[in-house]
1. What does the charge add up to near D58, with Lys and Arg as +1, Asp and Glu as -1, over the other residues with Cβ less than 15 Å from its Cβ?
2. On a 0 to 90 degree scale, rounded to 10, what angle separates helix 8-17 from the longest Cα axis of the chain?
3. Report the full-extension gain for the segment D25 to I50: residue separation times 0.36 nm, less the Cα-Cα distance, to one decimal in nm.
4. Hey, what do the phi angles of segment 67-73 turn into as Karplus ³J(HN,Hα) couplings, whole Hz, using 6.51/-1.76/1.60 and θ = phi - 60°, x for Gly and Pro?
5. Along the Cα-to-C-beta direction of W35, a point sits 7 Å from the Cα; which residues of segment 54-90 have their amide N less than 19 Å from that point?
Amino acid sequence: MNKEKPLLSDFLEELKVYKKGVFLDKTISIFYNDWSLNPDYEDDYSERVIINTAKLKDIDTKKYKSYKVLDSYQNSLNPNFVEICVKEKE
């Protein structure tokens, strides 16, 4: 069964309370992939488009109800940095 992807606003709210706010001081980078920005490579390569980069405690989660989370990554080289890949809600 295919699990529904969460809305970005809900995902960010959950991160804010996860383990008593352990993520509040982490930098969050929200982005989507745009394949049309690199027409020479069409389907093989996308360009990352940054929507916002800020500390989680400073992000107004209500602004992000129009996005769904595709994936999230905690950077292993910088544990204070979390990347969230999104797409627009259909």
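Rule-based calculations on the coordinates, nothing more; no lab input. The shown structure was predicted, so the numbers you read here are calculated from the model rather than taken from an experiment. Don't worry about glycine lacking a Cβ; one is built from the backbone with ideal geometry, like all the others, and counts go over all protein chains shown.
1. That works out to +3.
2. 30 degrees
3. Details: separation 25, 0.36 × 25 = 9.00 nm, distance 1.93 nm.
Separation in residues times 0.36 nm, less the Cα-Cα distance, equals 7.1 nm.
4. 10, 10, 7, 8, 6, 9, 9
5. Taking a point 7 Å out along Cα→Cβ of W35, the residues of segment 54-90 whose backbone N falls under 19 Å are 68-71, 85-90.
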